[in-house]
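Everything on this sheet refers to the single structure shown next.
Since every read-out is calculated from the coordinates, none of them should be taken as a lab result. Keep in mind that this is a model prediction, so the values were computed, not measured. FYI the Cβ positions are ideal-geometry reconstructions off the backbone, even for glycines, and counts take in every protein chain you see.
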Amino acid sequence: MITAWGYEIDGNLPPLLDVEAFDSMTGGKYDGVSAEQALSAASQAVRNYCGWHVSPILECTANPMPTRGMLRLPSNCVVDVESVTEHGVDVPFEWLRLGLVRRTDCNPWSRSWGAIEVNYTAGLCCDAVPDLAEAVRSIAEGVLAVSAGVASESADGVSISYSANASSVASALTDQFKAALAPYKVVGSHAA
């Protein structure tokens, strides 16, 4: 599956917080289908802000472009780099957990698009990121707490306004949430 952040993962990307854990945290007061949708949307908003999937630990494939002789993987927690190839040929390399890869043979990287492929494992164990789960819970619960439908209406001036729903999840990322998510954000990420 191609992710929104430009790299590929095997399989599907689960939400940062599942419905069962959400029900446990909220006393089960929300409908399962609505909760699942809100959790998926909240997880995606958090991940989009961070610029990568964050959790769980997944096998990934990326085609990064070199900058200053280095490759930057879309992750700030790389667990392992299995291989680096350039035009299908193995390249000797070393890497840092923060997502940096460099050649060890002193040759320059190819500047051709898609020439470099990196197969790596990245992400954090779900148990290691309780603050992310709490952020997702809070965002999802806030969206679910707002009842869907008409919030106000007028008669002669024909003015109807609708209350917020899951489509407004991205706007729920307040400065407080952004500060809490800062340690997970990829340096140089295109995220806001």
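At a glance:
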read-out	value
Centre separation in Å (Cα based) which lies between region 99-137 and region 36-54	18 Å
Sparsely packed trypsin sites (Lys or Arg not before Pro) within region 54-125, loop by DSSP, other Cβ within 10 Å at most 15	Arg68, Arg97, Arg111
Simple label model, 7 Å out from Cα along Cβ direction - Val187 to Val146, nm	3.6 nm
About the Cα centre, charge dipole magnitude for region 58-122 (Lys/Arg +1, Asp/Glu -1 at Cβ), debye	380 debye
Positive dipole terminus of region 58-122, leading residue within Val78, Leu100, Ile116 (C-beta point charges)	Leu100
Net dipole in debye of region 23-83 [+1 Lys, Arg Cβ; -1 Asp, Glu Cβ; about Cα centre; nearest 20]	360 debye
Prolate/oblate/rounded call for region 58-122, Cα gyration tensor, a/c under 1.5 rounded	prolate
Sequence-separation-based contact order of region 58-122, relative, with Cα cut under 8 Å and 6+ spacing, percent	49 percent
Where chymotrypsin sites (Phe, Trp or Tyr not before Pro) fall in DSSP loop in region 24-75, at most 11 other Cβ within 10 Å	none
